[in-house]
Amino acid sequence: MTRPASPTKWEWLEAAITSGEVLLPGSESRSHIFHFIRADRNGPLTDRLLTFTTHHRASVRRTALTLLDELSFQEPGWPVVADNVALALKDVDPPVRRTAATLPARTAEPARAMAALHSSTDPDVRIALVDAIAWDDVPQGHDVLERLRSDPVPGVRLLATLAMMGKDSAALDASVRADLEVCAGVLDAPGSRLALTPGQRWARALNGLDREEDCYAWVGRLTSPAERTPMRVEGVRMAVEAMRQWRAAPDRLTPTLTGLLNAEDVRPAALHALAASLTASRLAADDLVATLDDPQLGTVAAVALGSIGDHRALPQLVRLMVAGSDDPRLLEAFRAVAAAGADPREPVAAVRQILAALPASCAPEMPMRVLAAFGPGSAAAVPELIARLQGAENDTPDWAIHVLRRIGPGAAAAVPELLRYPIQSAVFALLTITSDREVADRYLAARPEQPHRGRAASAMLTWIAEHGHAGLTARQHRQLRSLFGVPGAGQVESARALWMHEGPGVAAELLEVLPEYLSDDVYAPEVLRVFAEMEPYARPVLDRLDRWVAGRRRAGFHIGDADAAMRTDERVHAAMTASRKRITG
């Protein structure tokens, strides 16, 4: 999309809203809208956005209202929006009504949302309002919530009770339990502010009150065979939320969840719960293996097993790849089994068959990523990769070059073709395949003496520091120092080379800079690798590692997916434990 010259030319806006593109993080149209609204919150763009809240298509109305809600998140108080959503509260489409109900609470003073709550008889609207209102800002909010606990709408009662939970909240548990089953499928209905089920909301409330043991106890009670299916499913959802919050939860709850795999009514929910956590998947590995042939649940089991490096999942993973599965964790699973030493022959043979059936100009991403995951084990696919180098048409064969680099010396036959590509990825591939230092020296000689960024430069400097017999030249050392001096990716990527080149003399500097990256899911693994290689010289960081490892709660990585954040916490926790072991000897 071409950047609009003015926020008053609306063709781009209508196309973006009707297509839903405006809700995609990072999309160009969304960036334009946020830019123009920040510049003028009550200007013509806002007026235009509001017109879409009465569009003839319900999906467009939902998109417009969701966008307005997201626009108001960082800067509440937007009266012009609050004044114009009253009609949407009576929309014929329930998701539109639910989405619209969040706006009075977000864009106006509490009295506006309270007035809407008291005047509405629509259960969908009232539930959404109770969920969205910031009750601490409401005068006599506690008294209002107390009255709402006897509301005729179960969802309102449940949310009011959860909002009232405090230090002495155990007395309210019975009230939550009484409304839990009837609220299943209601609080997370389409258009709801949070896609959280009643069980998940209760678990979050217990987490906020540090009632860990009570949460585990309620999971056991709610999943009892004496309960009806909706209640048992909410118990499983409580278990998932507990595992997302507390590090001990997988150990405590996996026996309960595996015990549910023989109950047909909750089997799918229990299996998905086990698969969400790496720790739970390890503890339940044999149970997951027994599910691999299940036509509905086999994929979930295979991906979960693969993600913990269990070789027994590999045949199923290969079948999923060949079938073109779009499972978002499939690559994660392949990488884990490859790292765990699985035999590469079956997946490599499958990828070769896929490539053989496609034109030489085509390099499908998933199969190429699988080859890259197995690294040197993918050497048998070098002929197909050379064909990709020879058959490239309009695009650089980036995937083929990447895989050849990962294969290393076993890809020597590809060197003549790689020499045809004067790009940094091909240069780095040549370096790892040939181990010819001159390749790196020539590349670095053409780079500035004080680069401020450059992943390829960092990688080549690291290679020289690790493999070069004479170490870095004085100029290369200055390049390395320049990269390390810039906070961010360059600093982390150059740290290991700096340690290998300068040794203990740089330990204090590394220990001053690198710990700040431990809370970053992208950088933490590399930082921990550096600490592990520093061994006893990294002892000053042990206190920080110990505090992190001993923490009862998850680190809370913000990566947009609660289960992925949990698994990241589990991986970083394992890496910290291993790093600590290396440091202490």
| request: Go through (1) more than 27 Å from Phe531 (Cβ to Cβ); (2) not in a helix (DSSP H, G or I) one by one and return the number of the condition Glu438 breaks. | output: (2)
| query | Only one of (1) within 20 Å of Glu70 (Cα to Cα); (2) not in a helix (DSSP H, G or I) fails for Thr102. Which number is that? | reply | (2)
| Can you name the number of the only condition in (1) touching a Lys or Arg at 6+ places or on another chain (Cβ under 7 Å); (2) surrounded by fewer than 21 Cβ atoms within 10 Å (Cβ to Cβ); (3) of a type in the set (D, E, K, R); (4) in a helix (DSSP H, G or I) that Glu449 fails? | (4)
| query | Ala338 versus (1) in contact with a Phe, Trp or Tyr (Cβ under 9 Å, 6 or more places away or on another chain); (2) at pLDDT 95 or above; (3) over 20 Å from Arg571 (Cα atoms): which is the lone unmet condition? | reply | (3)
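Filtering the range 122-142 down to residues that are at negative phi, more than 35 Å from the chain's Cα centre (by Cα) and modelled with pLDDT under 95, which residue is surrounded by the most Cβ atoms within 10 Å (Cβ to Cβ)? Step through it out loud before you land on a result.
Step one: filter the range 122-142 for residues at negative phi, giving 122-139, 141-142.
Now drop any that are not more than 35 Å from the chain's Cα centre (by Cα), which leaves 122, 139, 141-142.
Narrowing the set further to residues that are modelled with pLDDT under 95 leaves 139, 141-142.
Values: Pro139: 9, Gly141: 17, His142: 12.
If we take residues in the range 122-142 being at negative phi, more than 35 Å from the chain's Cα centre (by Cα) and modelled with pLDDT under 95, then Gly141 is surrounded by the most Cβ atoms within 10 Å (Cβ to Cβ).
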| said: Looking at (1) over 14 Å from Ala301 (Cβ atoms); (2) surrounded by fewer than 19 Cβ atoms within 10 Å (Cβ to Cβ), which one does Val240 not meet, given that it meets all the others? | reply: (2)
| Enumeration of residues in the range 249-268 that are open to solvent by 40 Å² or more (accessible area, probe 1.4 Å) and not in a helix (DSSP H, G or I) | Gly259, Asn262, Glu264, Asp265
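Determine whether the range 279-294 contains at least one residue that is assigned to a loop (DSSP other than H, G, I, E, B), open to solvent by 60 Å² or more (accessible area, probe 1.4 Å), over 30 Å from Val382 (Cα atoms) and not aromatic (Phe, Trp, Tyr).
Yes, some residue in the range 279-294 is assigned to a loop (DSSP other than H, G, I, E, B), open to solvent by 60 Å² or more (accessible area, probe 1.4 Å), over 30 Å from Val382 (Cα atoms) and not aromatic (Phe, Trp, Tyr).
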| said: Among the residues of the range 3-16, are any under 22 Å from Arg97 (Cα atoms), of a type in the set (Val, Ile, Thr) and at pLDDT below 95? | reply: no
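Got at least one residue in the range 348-367 being closer than 22 Å to Thr462 by Cα and either out of contact with any helix residue (DSSP H, G or I) (no Cβ under 8 Å at 6 or more places or on another chain) or surrounded by fewer than 19 Cβ atoms within 10 Å (Cβ to Cβ) (or both)? Quick ask: steps written out before the conclusion?
Of the residues in the range 348-367, the ones closer than 22 Å to Thr462 by Cα are none.
No, there is no match, as no residue in the range 348-367 is closer than 22 Å to Thr462 by Cα and either out of contact with any helix residue (DSSP H, G or I) (no Cβ under 8 Å at 6 or more places or on another chain) or surrounded by fewer than 19 Cβ atoms within 10 Å (Cβ to Cβ) (or both).
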| What pairs come up if the first residue lies in the range 273-298 and is farther than 10 Å from Leu261 by Cβ, the second is at pLDDT 95 or above and open to solvent by 40 Å² or more (accessible area, probe 1.4 Å), and their beta carbons are under 6 Å apart, counting only those six or more places apart or on different chains? | Val289/Arg312
| touching an Asp or Glu at 6+ places or on another chain (Cβ under 9 Å), under 30 Å from Arg61 (Cα atoms) and open to solvent by less than 10 Å² (accessible area, probe 1.4 Å) - does that describe any residue in the range 161-169? | no
| field | Filtered residues of the range 76-99 (kept if open to solvent by 60 Å² or more (accessible area, probe 1.4 Å) and either under 12 Å from Arg126 (Cα atoms) or assigned to a helix (DSSP H, G or I) (or both)) | value | Pro79, Leu87, Lys90
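Before we move on, is Arg406 under 30 Å from Glu570 (Cα atoms), free of Cβ contacts under 8 Å to residues at least 40 places away in the same chain, open to solvent by 50 Å² or more (accessible area, probe 1.4 Å) and in contact with a helix residue (DSSP H, G or I) (Cβ under 6 Å, 6 or more places away or on another chain)?
yes
With respect to Arg369, determine if the residue is within 22 Å of Ala339 (Cβ to Cβ), among the charged types (D, E, K, R) and touching a Gly at 6+ places or on another chain (Cβ under 9 Å).
Details: within 22 Å of Ala339 (Cβ to Cβ): yes; among the charged types (D, E, K, R): yes; touching a Gly at 6+ places or on another chain (Cβ under 9 Å): no.
In short, no.
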| query | Out of the residues in the range 205-222 that are in contact with a helix residue (DSSP H, G or I) (Cβ under 6 Å, 6 or more places away or on another chain) and under 20 Å from Asp563 (Cα atoms), which is surrounded by the most Cβ atoms within 10 Å (Cβ to Cβ)? | reply | Leu206
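The values are calculated or read from the model by the stated rules, or taken from the named source; none is laboratory data. It should be emphasised that the depicted structure is a prediction, and the values quoted were computed from it without experimental measurement. Every residue, glycine as well, gets a Cβ built from its backbone with ideal geometry; the counts of neighbours run over all protein chains shown. Keep in mind that these areas ignore ligands, DNA and RNA; they rest on the heavy atoms of the full protein, side chains included. Shrake-Rupley method; radii C 1.70, N 1.55, O 1.52, S 1.80 Å.
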